[in-house]
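Everything on this sheet refers to the single structure shown next.
The values are calculated or read from the model by the stated rules, or taken from the named source; none is laboratory data. Bear in mind that the values here come from a model prediction, so they are computed numbers and not experimental data. Because the Cβ atoms are built from the backbone with ideal geometry, glycine has one as well, and the counts that use them run over all protein chains shown.
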Ligand SMILES: [Mg+2]
């Protein structure tokens with residue numbers, strides 16, 4: 001068995017993987033969906049696409065945060081106004097019933113108010129810009145460089161489970177479209193199970209679904225406050241894909257920081273081989 005300063009490093013048979021920003025590339029996809037909606041508004045009403053996209057973003061944020069009950073839900077499950085415009089939250093826990101039933105009103109309100117800012121009142125166009133946003137959010141699923149190779153390599157001789165905060169339908173769609181679904185044993189999604197990272201139940205459940213125990217698990221993720229703290233709460237080490245953020249957290253012998261998804265496999269092998 002390899003050793004490190006933190007103690008014995010066992011082979012990590014169970015790998016718990018975050019999804020957004022760890023395997024899938026979320027960069028710019030919300031902007032692209034709003035821009036696509038703006039292009040529809042431009043085509044049918046002559047509105048400047050960029051200005052419409054900007055107005056719709058601001059309207060969506062305002063409508064979302066104006067509801068006092070949204071704040072604790074967003075925080076508890078890892079949700080955003082952008083999700084509210086594109087996901088139906090099917091298959092989620094009863095705590096999200098109020099959100100689910102509010103979504104049609106939210107969308108109508110956001111898109112019609114954004115159009116009204118340009119003097120347009122048109123139910124068909126309201127529906128068309130909303131549908132365009134949804135279509136782009138649903139189709140715009142891209143893997144980060146090295147993500148497919150990482151999951152394929154790890155999946156050869158380890159048990160992989162995805163652990164994600166977010167809307168169940170949206171996250172499961174990404175897993176299916178990206179092909180990741182076939183490469184992992186299971187996925188644990190906050191809105192399906194009723195709790196989210198960094199709640200220690202999240203990593204514990206993912207490890208359980210993998211059929212392993214926390215002694216042989218590792219968490220891989222890009223958000224310190226969710227992924228890393230969620231792992232540490234279960235006494236599981238983490239590989240943190242930190243990008244530019246690496247200097248901003250205290251050193252911890254259970255946390256290995258890397259710059260990108262492409263560096264994770266090498267970091268894991270080095271961790272397991274480390275003589276300490
Ligand atoms: Mg993430």
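Some points to look at:
- Taking the range 230-243 as the range and being surrounded by fewer than 16 Cβ atoms within 10 Å (Cβ to Cβ) and within 15 Å of the ligand (Cβ to nearest atom) as the test, only 243 passes.
- Among the candidates 32, 57, 51, residue that is within 27 Å of residue 227 (Cα to Cα) and either assigned by TED's automatic domain parsing to the domain that holds residue 239 or modelled with pLDDT of 95 or more (or both): 32
- Residues of the range 196-212 that are within 16 Å of the chain's Cα centre (by Cα) and within 13 Å of residue 185 (Cβ to Cβ): 206 alone.
- Residue 118 crowded, with 19+ Cβ neighbours inside 10 Å and not assigned by TED's automatic domain parsing to the domain that holds residue 226: no
- The single condition among (1) more than 16 Å from the ligand (Cβ to nearest atom); (2) within 25 Å of residue 209 (Cα to Cα); (3) in contact with a helix residue (DSSP H, G or I) (Cβ under 7 Å, 6 or more places away or on another chain) that residue 22 does not meet is (1).
- The set of residues in the range 142-170 being within 16 Å of the ligand (Cβ to nearest atom) and part of a loop (DSSP other than H, G, I, E, B) consists of 142, 144, 145, 146, 165, 166, 167.
- Looking only at the range 13-27, and only at residues there that are modelled with pLDDT of 95 or more and part of a loop (DSSP other than H, G, I, E, B), the one that is surrounded by the most Cβ atoms within 10 Å (Cβ to Cβ): 23
- Residue count for the range 68-91, restricted to those that are part of a loop (DSSP other than H, G, I, E, B) and free of Cβ contacts under 8 Å to residues at least 12 places away in the same chain: 1
- Matching entry among 162, 134 (being within 18 Å of the chain's Cα centre (by Cα), in the same structural domain as residue 40 (by TED's automatic domain parsing), modelled with pLDDT of 95 or more and closer than 28 Å to residue 75 by Cβ): 134
- Only strands (runs of 3 or more DSSP E) whose full extent lies in the range 199-276 are considered here, and the ones with at least 2 residues that are touching a residue at least 40 places away in the same chain (Cβ under 8 Å) are 217-221.
- Those residues of the range 164-191 which are over 29 Å from residue 10 (Cβ atoms), touching a helix residue (DSSP H, G or I) at 6+ places or on another chain (Cβ under 7 Å) and surrounded by fewer than 19 Cβ atoms within 10 Å (Cβ to Cβ), in sequence order: 173
- Taken together, 209, 201 contain a single residue that is touching a strand residue (DSSP E or B) at 6+ places or on another chain (Cβ under 6 Å) and surrounded by fewer than 22 Cβ atoms within 10 Å (Cβ to Cβ), which is 209.
- Of the residues making up the range 28-64, those that are outside any helix (DSSP H, G or I) and closer than 26 Å to residue 175 by Cα number 1.
- Test result for residue 129, surrounded by 14 or more Cβ atoms within 10 Å (Cβ to Cβ), within 14 Å of residue 34 (Cα to Cα) and touching a helix residue (DSSP H, G or I) at 6+ places or on another chain (Cβ under 8 Å): yes
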